[in-house]
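J.: I'd like to ask some things about the structure below.
Derivation of every value follows stated rules applied to the coordinates shown; laboratory data play no part. These figures come from a predicted structure and were not determined experimentally. A quick note on method: Cβ atoms are made from the backbone with ideal geometry, for glycine too, and the neighbour counts reach across all protein chains shown.
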Amino acid sequence: MNARSEPGLRAPQQRAEGPTASSAELHRRRGTAVARGVGSVVASYVDHASGGTLTDVDGRQWIDFAAGIAVTSVGNSAPRVVEAVRAQVERFTHTCFMVAPYESYVAVCEQLNALTPGGFEKRSALFNSGAEAVENAVKIARHATGRPAVVVFDHAYHGRTNLTMALTAKNMPYKHRFGPFAGEIYRVPMSYPLRDGGLDGATAADRAIELVEKQVGAENVAALLIEPIQGEGGFVVPAQGFLPALRRWATAAGVVFIADEIQTGFCRTGDWFACQHEGIEPDLITLAKGIAGGLPLAAVTGRAELMDAVHVGGLGGTYGGNPIACAAALATIETMHELDLVAAARRIEAVLGARLRAIAERDPRIAEVRGRGAMLAVEIVAPGTLSPDPRATAAVSAACHAAGLLTLTCGTYGNVLRFLPPLVISDDELTRGLDILDTAFG
Ligand SMILES: *Cc1c(COP(=O)(O)O)cnc(C)c1O
């Protein structure tokens, strides 16, 4: 079949061949075939998925408040993405951009340079995963500055490769017994209003900066790496003014400010990028997750003079900027413009936020409702304390799963229930998901 001869192609609702096994059977096969270290949130195996729902091989429907961890913002098998991928698969599948380049890689870089915050000249480079983008941002910052140190924050998550494990804060499950880790990484306190006594942003930034200056020395620091809203660490939103103060310090100290927008980017927080909320212009920005409608693509975008400091051949990889992933990214970005997913994220925030605050009002286990756009969470504690309650968090999440709502937990203490619906989720799906959540809290 030729996709180009089928205008108005829709996402397929069902695979050509139906499911061959039940979830129970697949789970048994998995046990003897797949490494135990790779976990899954649920034991239901997916057959097909659309805007806001997944259907498993047993025919059960799930409302999706996970989006594959903030990836399928445009939905699963989004029509434009399916069309672009099919057309590209038929033209060519891989040449390696470092061997024989092609237009879509260049076009994605042009789009990223234009979309990301910062009115300066930019360049981009494409990779496969978020961790790989973070690794490369650090490589670029070190190369451009000739300095070794990287400053990261408590509760940070930057990936699972050796360098990015070192950059990540949490031991279990990410780092435990996987060391030794890369050196020259320095961790400083995050602004975490619920847990730092509500320190204002400027004071929290001073606390972090003082540690760096006393213990590392600004002149030794290549980069300051921060998620503008922390993802795996618990959807921690720093106090107003924290990011701008760090940005000002980095500029004055000649430190490269890297924003890891892998989870927050591409309309998720109700702006194209979370940095825009406080008008921050990072020197480098790392991107992945929502960028390509589910195909593996990641990027580093930033100041031309930093990106171009690296010698020819110093950056790359066999698959980085694969043509199918690039086609998907261009279709994803087009879909985000066309459907105005920035506005969609803000609409989701209004509906989801109101329901979460109503639940928090009656349930003293909820210490805080926080986040921005379609990236919201509740932090769960023993009532009347700030003592994290990961067991209650897991229990509410399990009740959601049993009732057909796919939710995720996160946080250093495992006590944050987070919500990342696809930005194209329908009002009906959103409401049905929230009804399940409401019941799960009891
Ligand atoms: C997911 C994530 C990463 C790692 O991305 P992978 O594609 O899983 O390697 C890095 N930083 C942040 C903020 C993330 O959310």
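J.: With a cut-off of 15 Å, note down the residues of the stretch 173-202 whose backbone N falls inside the zone around a label point 7 Å from the Cα of L211 toward its beta carbon.
T.: 185-193, 195-197, 199
J.: Which of the GluC sites (Glu not before Pro) found in the stretch 60-122 are in a DSSP loop and have at most 14 neighbouring Cβ atoms, other than their own, within 10 Å?
T.: E121
J.: What spacing in nm lies between the two simple spin-label points modelled at A21 and A35, each 7 Å away from Cα in the Cβ direction?
T.: 2.0 nm
J.: How about the stretch 20-124: which chymotrypsin sites (Phe, Trp or Tyr not before Pro) there are in a DSSP loop, with at most 12 other Cβ atoms within 10 Å of their Cβ?
T.: Counting only loop positions with at most 12 other Cβ atoms within 10 Å, the chymotrypsin sites (Phe, Trp or Tyr not before Pro) in the stretch 20-124 are F92, F120.
J.: Please give the FRET efficiency for E219 paired with A100, using the beta carbon to beta carbon distance and R0 = 41 Å, rounded to the nearest 0.05.
T.: 0.45
J.: Next question, about the same structure. Within the stretch 186-221, what residues put their amide N at less than 16 Å from the label point 7 Å along the Cα-to-Cβ vector of E278?
T.: Under 16 Å, as judged by backbone N against the label point of E278, lie 188-210 of the stretch 186-221.
J.: Could you calculate, for the stretch 79-339, the ratio of the Cα radius of gyration to the Kirkwood radius, expressed as Rg to Rh?
T.: In the stretch 79-339, Rg relative to Rh is 0.97.
J.: Label points 7 Å out from Cα along the Cβ direction at A358 and K175: separation in nm?
T.: Using points 7 Å along Cα→Cβ, the separation is 4.2 nm.
J.: Hey, another quick one. Kindly list the residues of the stretch 422-440 that lie in the label zone of A403, defined by a backbone N under 16 Å from the point 7 Å along the Cα-to-C-beta vector.
T.: So the set is 429-440.
J.: Using just the Cα positions, wrap the chain in a convex hull and report its mean projected area in square nanometres, one decimal place.
T.: 21.3 nm²
J.: What number, in nm² with one decimal, is the all-direction average of the projected area of the convex hull of the alpha-carbon atoms of the stretch 318-441?
T.: Computing the convex hull of the Cα atoms and averaging its projections yields 9.3 nm².
J.: If you bin every alpha carbon distance in the stretch 172-255 into 10 Å steps from zero, what whole percent lands in each bin?
T.: Here the calculated profile for the stretch 172-255 is 16, 45, 32, 7.
J.: For the chain, what proportion of DSSP beta bridges, expressed in % and rounded to the nearest 5, is antiparallel?
T.: Percentage antiparallel, nearest 5: 65.
J.: In a Gaussian network model over the chain where Cα atoms closer than 10 Å are linked, find which of A149, A354, A367 has the largest mean-square fluctuation.
T.: Comparing A149, A354, A367 in a Gaussian network model of the chain, the most mobile one is A354.
J.: What value does the stretch 346-406 have for Rg/Rh, both radii from Cα atoms and Rh as Kirkwood defines it?
T.: Radius of gyration over Kirkwood radius for the stretch 346-406 works out to 0.98.
J.: If you don't mind, another one. For the pair R248/R28, report the inter-label distance in nm, with labels modelled 7 Å from Cα in the Cβ direction.
T.: 6.5 nm
J.: In addition: Summing -39500 (n - 2.57) over the DSSP H runs of n ≥ 4 in the chain and dividing by its residue number, what mean residue ellipticity at 222 nm do you reach, to the nearest 500 deg cm²/dmol?
T.: Computed ellipticity for the chain at 222 nm equals -11500 deg cm²/dmol.
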